[in-house]
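The values are calculated or read from the model by the stated rules, or taken from the named source; none is laboratory data. What you see is a predicted model; the values in this text were computed from it and never measured. Heads up, the Cβs are rebuilt from the backbone with ideal geometry, glycines too, and the neighbour counts pull from every protein chain shown. Just so you know, the surface numbers come from the protein's heavy atoms only, side chains and all, with ligands and any DNA or RNA stripped out. Shrake-Rupley method; radii C 1.70, N 1.55, O 1.52, S 1.80 Å.
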Amino acid sequence: MQTLGIDLAAQPEKTGIAWLEWTSGGARVTELAVGASDETLLQGMATANKTGIDCPLGWPREFVAFVSKHQHDHVDVEPGLAADWRRRLSFRVTDLHVKSTVPGVQGLSVSSDRIGVTTMRCAALLSQLAVLGDPVVRTGSGPVTEVYPAASLVRWGFSHKGYKGTKAKIRRSELVDELLIAAPWLDLGSYESLCRATDDALDAVLASLTARAAAIGLTDPIPVEDQRAAEIEGWIALPANGTHLAHLLAPR
């Protein structure tokens, strides 16, 4: 099995991409790079067994309806605290699900934060993938699933704090050490230094690991009541509670 992890950014220069080759004895990073064009991403998603992409696959339904109505008319504002209805415009159902089930993790708002620009690139990529004959199911049931590396780390028993950015090299290097201790079967090879150097590369590897979890059924199921929202807004694949990196190699 080959899994692909994509740490998507608005521009190719900051986009990380990681290929993992899985065998009965371990997983090996066969390719890892920071700087990936749309063409490279499309080719990878079209050929990998499962791709994990760190980017929202859609926008909140209520936000889309709100903006659409505002284009032609006055919007309806619910009575009560403004923060309540604005929260539903800002965050998808899956974002709120992650916040309530993964301690200390709060994702960015795709409708009111800069990640929206990255999501525009993602939407264009998914459209091009569909033209190639590989339409994406936003629930993650197909060959592409949405992932969130910080949440995956927490679910696997690691801290997600302090490893991002150019000034976080020490903590990032510590995290790589922790991952390799927990998963001695994970072979980063010559790409280990790149994982220590930039979180774009490390997040791509984490996205690829989460893609493996999704591919072999080691992620949370979507609650029945949230299925429709997931189909429209996208759904973040969360490693199931109680699973560890070791389970990726030898599923329970």
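Enter the accessible area per residue of the range 157-250 (Å², integer; probe 1.4 Å; all protein chains in place).
The answer is 44 Å² per residue.
Can you give me the accessible area per residue for the range 1-123, using a 1.4 Å probe, in Å²? Show your work: numbers first, answer last.
Values: 6270 Å² over 123 residues.
On a per-residue basis, 51 Å².
Ignoring everything but the protein chains, give the 1.4 Å probe accessible area of Ser90 in square angstrom, nearest 10.
Approximately 20 Å² for this residue.
If you only keep lysine pairs separated by 8 or more in sequence, or across chains, how many in the chain come under 24 Å at the Cα atoms?
Final tally of qualifying lysine pairs is 8.
Return the distance in nm (one decimal) between the two label points of a simple spin-label model at Leu180 and Thr23, each offset 7 Å from Cα along Cα→Cβ.
Using points 7 Å along Cα→Cβ, the separation is 2.0 nm.
Considering the Cα trace of the range 58-125, what is its radius of gyration and what is Dmax, both in angstroms?
Radius of gyration, then largest Cα-Cα span, for the range 58-125: 13.2, 40 Å.
Given the range 123-184 reduced to its alpha-carbon atoms as identical point scatterers, what log10 I(q)/I(0) does the Debye formula return at q = 0.24 Å⁻¹?
Once normalised to I(0) and log-transformed, intensities are -0.91.
Quantify how much of the Cα-Cα distance distribution of the range 3-53 extends past 18 Å, in percent.
Summing the P(r) tail past 18 Å for the range 3-53 gives 25 percent.
Of the heavy-atom accessible surface of the range 101-203 (probe 1.4 angstrom), what whole percent is carbon and sulfur?
C and S fraction of accessible area: 59 percent.
How are the C-alpha pair distances of the range 153-247 spread across 10 Å bins, as whole percents from the shortest bin up?
Bins of 10 Å from zero give 15, 43, 30, 12, 1 percent of pairs.
How long are the semi-axes of the ellipsoid equivalent to the range 1-126, from square roots of 5 times the Cα gyration tensor eigenvalues, in whole Å, largest first? The partial results should precede the final answer.
On the way: eigenvalues 240, 61, 25 Å².
Each semi-axis is the square root of five times an eigenvalue, giving 35, 17, 11 Å.
Go ahead and estimate [θ] at 222 nm for the chain from helices alone: -39,500 (n - 2.57) per DSSP H run with n ≥ 4, summed, over the residue count, rounded to 500.
-13000 deg cm²/dmol
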